[in-house]
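Report on the following structure.
FYI, it's all coordinate maths here, none of it is from the lab. What you are looking at is a predicted structure, and each value in this text was computed from that prediction instead of being measured. Heads up, the Cβs are rebuilt from the backbone with ideal geometry, glycines too, and the neighbour counts pull from every protein chain shown.
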Amino acid sequence: MTLQTLSRMAQSGEAFACLTAYDATTARWLARGGVHVLLVGDTAAEVVLGLPRTIDMPLDVLLALTAGVKRGAPNCVVMGDMPFMSYQVDDASAIRNAGRFLTEGFADIVKIEADAHLAPRIEKIVRAGVPVCGHVGSRPQFVALTGGYAAAGRTPAAAAQVVADAVALERAGCQMLLVEAVPPEVTQQIMSATSVPLIGIGAGTACHGQVLVLQDLVGMSDRPPRFAEPVADLGAGYQRAAAEWGGRVKRREIGGQVYTMKMP
């Protein structure tokens, strides 16, 4: 599975599946399940590190997690999510940090939350040899400006801006786009105005690919977003397993086989 494979799938109308992953073991099982793209998202700040916001995600930690995911699923496309303040400061640090995702994180592509104003910087990152997926629509790293997480593109003017952002990022060299939390009509407009694969999250069914946070999909989130419909109940399963283990320990019936002494 490569970026070229995803492009061919998009052109042929074959949808591809994406999920977040943050460790090698989970990545291995998701790959066995047929997931094409694994996004090592800055959501790791919340679901892995227990931090209150995605913008608290440390760059070095995310690089290490990305490398682990690639080791666990070497045949998947692995996308590294550039965290808050890893690309906003200046061109040089943005290019350097994006490159680290390829050299230290073994990522195949990086994702950057951006609008048209950031297109010149993304163009320089691409010229340096780093594939980029531009993230438009609702952008969680910018919630401080909007006063909280919210959908995007819900008025004609706002929709036009999201589409313009997507077009500008494709022209800057993005090999893929991701659109988050927009009405399906906006998604359709983006697909009509661009030619690269488009991944959606909370953006309707028309996108070339779909992504969700894994914990939202498998029932491990206490408050999943409205667009995430769980397909499993692993949170309750973990809870039952923990309770069963606690009961076994209390009864001194832990199971398994013991080691035996070797005779001289």
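Structural remarks
- Expected 222 nm ellipticity per residue - DSSP helices of 4 or more, -39500 (n - 2.57), all of the chain, to 500: -12500 deg cm²/dmol
- With contacts taken as Cα pairs under 8 Å and at least 6 residues apart, region 53-177 reaches a relative contact order of 24 percent.
- Beta bridges assigned by DSSP with both partners in the chain are antiparallel in approximately 0 percent of cases.
- Every pair of different Cα atoms in region 166-264 enters the Kirkwood calculation, which places the hydrodynamic radius at 17.4 Å.
- Here the Gaussian network model covers the chain, with springs between Cα atoms less than 10 Å apart; of Arg154, Arg252, Arg28, Arg252 fluctuates the most.
- Helix 3-12 and the long axis of the chain differ in direction by around 70°, with both axes built from C-alpha atoms.
- Per residue, the average separation of C-alpha pairs within less than 8 Å and at least 6 apart gives region 147-235 a relative contact order of 20 percent.
- Theoretical FRET efficiency, 1/(1+(r/R0)^6), r = Cβ-Cβ of Gln188 and Thr5, R0 30 Å, to 0.05: 0.80
- For region 95-105, 3J(HN,Hα) computed residue by residue from phi via the Karplus equation (6.51, -1.76, 1.60; θ = phi - 60°) reads 5, 4, 5, 4, x, 5, 5, 7, 8, 9, x Hz, glycine and proline entered as x.
- Here Lys124 is the anchor, and the lysines within straight C-alpha reach of less than 24 Å, apart from those fewer than 8 places off in the same chain, are Lys111.
- Estimated FRET transfer efficiency when R0 is 41 angstrom, pair Arg223-Ala128 (beta carbons, to 0.05): 0.55
- Förster radius 51 Å - calculated FRET efficiency between Trp245 and Thr146, Cβ distance, rounded to 0.05: 0.75
- Residue-span extension gain [Ile254 to Asp90] - 0.36 nm each, minus C-alpha spacing: 53.5 nm
- Part-to-part distance (alpha-carbon centres) for region 110-181 and region 38-80, which is given in Å: 20
- Using only alpha-carbon positions in region 1-158, the gyration tensor eigenvalues give semi-axes of 23, 19, 18 Å once each is multiplied by 5 and square-rooted (largest first).
- Amide H contacts of Leu178 (H built 1.01 Å from N, under 5 Å, at least 5 apart or other chain): Gly134, His135, Val136, Ile199
- Debye log10 I(q)/I(0) at q = 0.13, 0.15, 0.17 Å⁻¹ for the chain, Cα point scatterers: -0.82, -1.07, -1.40
- The peptide list 169-179, 201-211, put in order of mean Cβ contacts within 10 Å with the highest first, becomes 169-179, 201-211.
- Using C-alpha pairs below 8 Å separated by at least 6 residues, the relative contact order for the chain is 15 percent.
- Per-residue Karplus couplings for region 150-164, computed as 6.51 cos²θ - 1.76 cosθ + 1.60 with θ equal to phi - 60°, are listed in order as 7, 5, 10, x, 8, 10, x, 5, 5, 4, 4, 5, 4, 5, 4 Hz, Gly and Pro entered as x.
- Each residue of region 49-58 was assigned a 3J(HN,Hα) from its phi angle through the Karplus expression (A = 6.51, B = -1.76, C = 1.60, θ = phi - 60°), giving 8, x, 7, x, 9, 5, 6, 8, 5, x Hz with x at Gly and Pro.
- Against the chain, whose longest principal axis comes from its Cα atoms, helix 234-251 is set at around 20 degrees.
- Comparing mean-square fluctuations of Ser93, Ser12, Ser221 from a GNM of the chain with C-alpha springs under 10 Å, the top value falls on Ser12.
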